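The values are calculated or read from the model by the stated rules, or taken from the named source; none is laboratory data. All of these numbers come straight from a predicted model, not from anything done at the bench. Heads up, the Cβs are rebuilt from the backbone with ideal geometry, glycines too, and the neighbour counts pull from every protein chain shown.
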Amino acid sequence: MRRPGLTLVLVSLWTLGGLRADAAVGRTGQFVLGVLTACLLALLVHLQEPVLRAQTLGVVAVATVGEVVGSLLWGVYQYRLDNLPAFVPPGHGLVHLAGASLAAFAAARRTVLVASRSPARSAGGSPA
């Protein structure tokens, strides 16, 4: 993963700002947010290696089908304007990249946090 810190910061800020903006706009505003979200996704995907690019585009495709089926066809859930906002499909790609960024940070850590029990607890005794 290339530039995981930049990716994580941009996705976090965009998600917070975009969701806040969505609450204040109509369908046209949602479309604009969708175009801008797709542009951010394109920028971040362009920075990545080909395998991660393909994975991210696959996530967007599969998630879009899931959104259409779950929301529009089956009505399992509804969005505020009874549509599929244009920012949702590329937003799934951003979430995937954020997850890949977190995984890259975790893989780069040299120490691992391990939970352990005290010997007294392990032996059935009372804690010290």
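Here is how the numbers come out for the structure above:
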quantity: Counted residues, segment 40-64 - those being in a helix (DSSP H, G or I) and either under 23 Å from residue 26 (Cα atoms) or touching a residue at least 12 places away in the same chain (Cβ under 8 Å) (or both); calculated: 12
quantity: In segment 17-26, residue nearest to residue 85 (Cα to Cα) [restricted to those that are touching a residue at least 40 places away in the same chain (Cβ under 8 Å) and surrounded by 12 or more Cβ atoms within 10 Å (Cβ to Cβ)]; calculated: 22
quantity: Boolean, residue 37 is closer than 24 Å to residue 81 by Cα and touching a residue at least 12 places away in the same chain (Cβ under 8 Å); calculated: yes
quantity: Selection within segment 1-15 - assigned to a helix (DSSP H, G or I) and of a type outside the set (S, T, N, Q); calculated: 4, 5, 6, 8, 9, 10, 11, 13, 14
quantity: Flag for residue 70 being outside any loop (DSSP other than H, G, I, E, B) and within 20 Å of residue 6 (Cα to Cα); calculated: no
quantity: Count of residues meeting criterion [part of a helix (DSSP H, G or I) and closer than 18 Å to residue 18 by Cβ] in segment 73-96; calculated: 9
quantity: Selected residue [hydroxyl-bearing (Ser, Thr, Tyr), under 19 Å from residue 46 (Cα atoms) and either in contact with a strand residue (DSSP E or B) (Cβ under 7 Å, 6 or more places away or on another chain) or at pLDDT 95 or above (or both)] from 64, 56; calculated: 56
quantity: Residues being among the small types (Gly, Ala, Ser) and under 24 Å from residue 17 (Cα atoms) - total across segment 30-60; calculated: 3
quantity: Criterion violated by residue 99 - all others in (1) at pLDDT 95 or above; (2) out of contact with any helix residue (DSSP H, G or I) (no Cβ under 6 Å at 6 or more places or on another chain); (3) assigned to a loop (DSSP other than H, G, I, E, B) satisfied; calculated: (3)
